[in-house]
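Inspection log for the structure reproduced underneath, given as structure tokens.
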Amino acid sequence: MNIQQDIRTQMMETVKTVKKIKPMAGSITNTVTINFVANAQLAVGGSAAMVYLPDEGAAIAKAGSAMYINVGTMFPLYEESLPLTAKTLYENKKPWVLDPAAIGIGEMRTNMLMRFKEYKPSIIRGNASEIIALAGLWSLEGGTGKSKVRGVDSTDRVCDAEEAAAALARWTSGAVAVSGEVDFITDGSMSAYSYGGSVFMEKITGAGCSLGGVMAVYSAVASPFIAALTGAAIYNVAGKRAAKKAEGPGYFQIIFLDELYKASAADIAGHEFILKDMQ
């Protein structure tokens, strides 16, 4: 069996296992996308728990199988709840996904993301500018000290973030997923490009956030690289199918959730991706 076929087999088993055991992946996510993240996690077969208080975050970190943390909207209580949750996940060896949304905006968010460096997220998911900025904040290769994030939008190309993504993955011993027209997923040694999706994903709120939540679900049963690649694959499959039926972003979002639910393990594992050796 070649490497690509082995990866496809692992992706298929990941999807089947999630649908069988329904792992709980808690989330502390931005307030704009809470509903979409939870519904996407449920659609792929996981269980959702949306929290924000310090004691809740730590409790779910211990009780759940994985967790998703998104810093897109910040509140004063997050100064306590986010580091405590991340620390609890790290100490209990639970996989977790970090989305450094809007990195570079505000001192509180910057300080929070800096603290996450020691808690080594299993998967980091963001757009190209966010990944480059995070690598810069953590003083890793490929990063820059000045964020080029425009709100939550990227001003860099996915290919510009490959070095930063690989450096982050090597630091965390996990995986990094750079979302864009073509998604780039790497564990620092092996990488993959995942194709598909839809331009409508740029026209709805929460496509990237919910992807992070879905990757957290898959990380409960798979390695960071396989979980991230499986998440990217199901989003590209569902996005492409939903785009054929939708005439606008509102209808697309509804159909997209249905397509997440309907995508089979074979559909997801068979989706187009190309491997790249980063050594």
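No lab work stands behind these numbers, since they all come straight from the coordinates. Only a predicted model underlies this, so the values are computations on that prediction, with no experimental measurement involved. No Cβ is skipped: glycine too gets one built from the backbone with ideal geometry, and neighbour counts run over all protein chains shown.
Of note:
- Share, in percent, of DSSP beta bridges within the range 3-277 that are antiparallel, nearest 5: 40
- Ordering 113, 211 by the number of other Cβ atoms within 10 Å of each residue's own Cβ, fewest first, gives 113, 211.
- The range 79-98 and the range 104-118: distance between their alpha carbon centers, rounded to Å: 14
- Nitroxide proxy distance, nm - points 7 Å out along Cα→Cβ at residue 35 and residue 13: 3.9
- Inverse of mean 1/r across different Cα pairs in the range 129-250, Kirkwood, Å: 14.7
- The chain, relative contact order in percent, only Cα pairs under 8 angstrom and at least six apart counted: 21
- Too-long pairs where the Cα-Cα distance tops 30 Å, listed order kept, from 19/94; 117/262; 117/245: 117/262; 117/245
- The modelled label-to-label distance for the pair residue 204/residue 274, using points 7 Å beyond Cα in the direction of Cβ, is 2.8 nm.
- Full extension of the chain between residue 244 and residue 77 gives 55.9 nm of extra length, using 0.36 nm per residue less the Cα-Cα distance.
- Residue exposure proxy: 144, 29, ordered by other Cβ atoms within 10 angstrom of their Cβ from fewest to most, comes out as 144, 29.
- Whole-number D in µm² s⁻¹ for the chain, Kirkwood Cα-pair radius fed into Stokes-Einstein, 20 °C, 1.002 mPa s: 119
- Per-bin percent of Cα-Cα distances, the range 59-146 [10 Å]: 18, 53, 27, 3
- Full extension of the chain between residue 21 and residue 2 yields a length gain of 4.0 nm, computed as 0.36 nm times the residue separation minus the alpha carbon distance.
- Qualifying GluC sites (Glu not before Pro) for the range 156-211 [loop in DSSP, other Cβ within 10 Å: at most 16]: 181
- Axial C-alpha extent at least 24 Å, average Kyte-Doolittle at least 0.0 - helices from the chain (DSSP): 224-245
- Here the simple spin-label model places points 7 Å from the Cα toward Cβ, and for residue 264 and residue 84 these points are separated by 4.7 nm.
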